[in-house]
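The structure under discussion appears below in the form of structure tokens.
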Amino acid sequence: MGIAHQKICVGMTQDIQLPDQETGSQHPRAVFDLFGHAHAENELASSLQNGRSHHAWLITGPKGVGKATLAYRFARRLLGAKPASGSPLASDRDDPCVRKIAQGSHSDLRTATRFDPEKHEIKRDVSVAAIRELTAFFTMTADGANGARVGIVDCADDMSVSAANALLKTLEEPPPGATIILIAHAPGRLLPTLRSRCRRLDLLPLSDQEMAMALPSMDATTLALSGGRLGRAYALVHVQGAKLYRLLTRHLAGLPRAPLDEALALADTTGDADTFHAVFDMLEDWLARAGRAGLGLSIREVEPGESAVLARLAANAGQDSCARAWSKVRDVRLRVESLNLDRSLATLDVLRTIREDLSPIH
């Protein structure tokens, strides 16, 4: 995809929640502040200073923890951006390289995501076509003086099997000057052959102190819901997440006799794309924590007494109920994105699914 095409796509996607962008935040290519993750940043900076940076990096961690922000921070320096003071990978924001990356128009940087720029829609996975376009890019001559080219796959665990196999050859035989950065929320879903060819950096959730430094006005509910993921916190603040969570948990805590009017009220809020994504994030997290509580494991409570409620629901429903419901919620979310389905109806559908899977009535 040429520079002109990239610029067109940037303009076209302003009304779409891109799969590699958190709600309420700028795209990570235009984010310049990184909170936490000093060890990972130092390791990347050290590889540049020593002139022996690995050709493939795998950056892992929970969604919203800062993986893409770090990846673009690294990409700027790989492509020759002027360093700035403050941290090892900081770049001068007025540097032409930095401005081009922020605009999505740098000719030596390519990304592969679930967004299809040709059809202007989000796919269920990172397609083999997207990966083939990325690998073809590495056969071209770099425009920059240092011959560097960077490809980012966000996120790599969304790749189809065919796409993963298409990327493998480039990882095995990297062209000169090429750097591939794989971003993964769940690295265990990647092919072992892919993981083995990458240098891995694991990003951990931020501490409460780091979160408070980044977002001082954050309330306690948002802090707990974000789980040390700054991107998630911005998304929650954007949609008044604390209020949404109270509405959601009041409904779910009443299972199996959760009133229909509560479900309808919640579904009505999700006609908006940002709220839809926030609510589905909450549902996935709620089910994951319910599963842990059902196994007797400790969880961080968002609301007082939540552990006992979650444990009761999970224990009554059976050992695999939460995992089964989580998978169904995830599947509905992907279908809504890829097929442009009605978000409110999809929300009602998953609430019904959760009620069926976690209902203690047999």
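The values are calculated or read from the model by the stated rules, or taken from the named source; none is laboratory data. Because the structure is predicted, anything quoted here is derived from the model rather than measured. In this analysis, Cβ positions are derived from the backbone assuming ideal geometry, glycine residues included, and neighbour counts consider all displayed protein chains. Side chains included, ligands, DNA and RNA excluded: accessible areas come from the protein's heavy atoms. Shrake-Rupley method; radii C 1.70, N 1.55, O 1.52, S 1.80 Å.
Based only on the alpha carbon positions, what is the Kirkwood hydrodynamic radius of segment 20-69, in angstrom?
12.4 Å
Taking a probe of 1.4 Å, how large is the accessible area per residue of the chain, in Å²?
Heavy-atom accessible area per residue stands at 45 Å².
Would you tell me the accessible area of HIS238, worked out with a 1.4 angstrom probe on the heavy atoms of the protein chains, in Å² to the nearest 10?
Solvent-accessible area, nearest 10 Å²: 100 Å².
Any chance you could list the semi-axes, whole Å, largest first, of the equivalent ellipsoid that the Cα gyration tensor gives for segment 220-362, using √(5λ)?
Three semi-axes, in Å: 21, 19, 14.
Any chance you could look up the accessible area of TYR72 with a 1.4 Å probe, heavy atoms only, rounded to 10 Å²?
For TYR72, solvent-accessible area is about 10 Å².
Against the globular-protein guess of 2.2 N^0.38 Å, express the Cα radius of gyration of the chain as a ratio, rounded to two decimals.
Dividing the Cα radius of gyration by 2.2 N^0.38 Å gives 1.03.
Heavy atoms only, probe 1.4 Å: what % of the accessible area of segment 135-268 goes to carbon and sulfur, would you let me know?
55 percent
Enumerate by residue number the trypsin sites (Lys or Arg not before Pro) in segment 83-192 meeting two conditions: DSSP loop (anything except H, G, I, E, B), and at most 12 other Cβ atoms within 10 Å of the site's Cβ.
Those that pass, being in a loop and sparsely packed, are LYS119.
Longer than 31 Å from Cα to Cα, which of LYS100/LYS243; LYS100/LYS123; LYS67/LYS243; LYS63/LYS119; LYS119/LYS243 are they? Say none if no pair is.
Too far apart for the 31 Å limit: LYS100/LYS243; LYS119/LYS243.
Given the convex hull of the Cα atoms of segment 26-162, what is a quarter of its surface area in nm²?
That works out to 8.7 nm².
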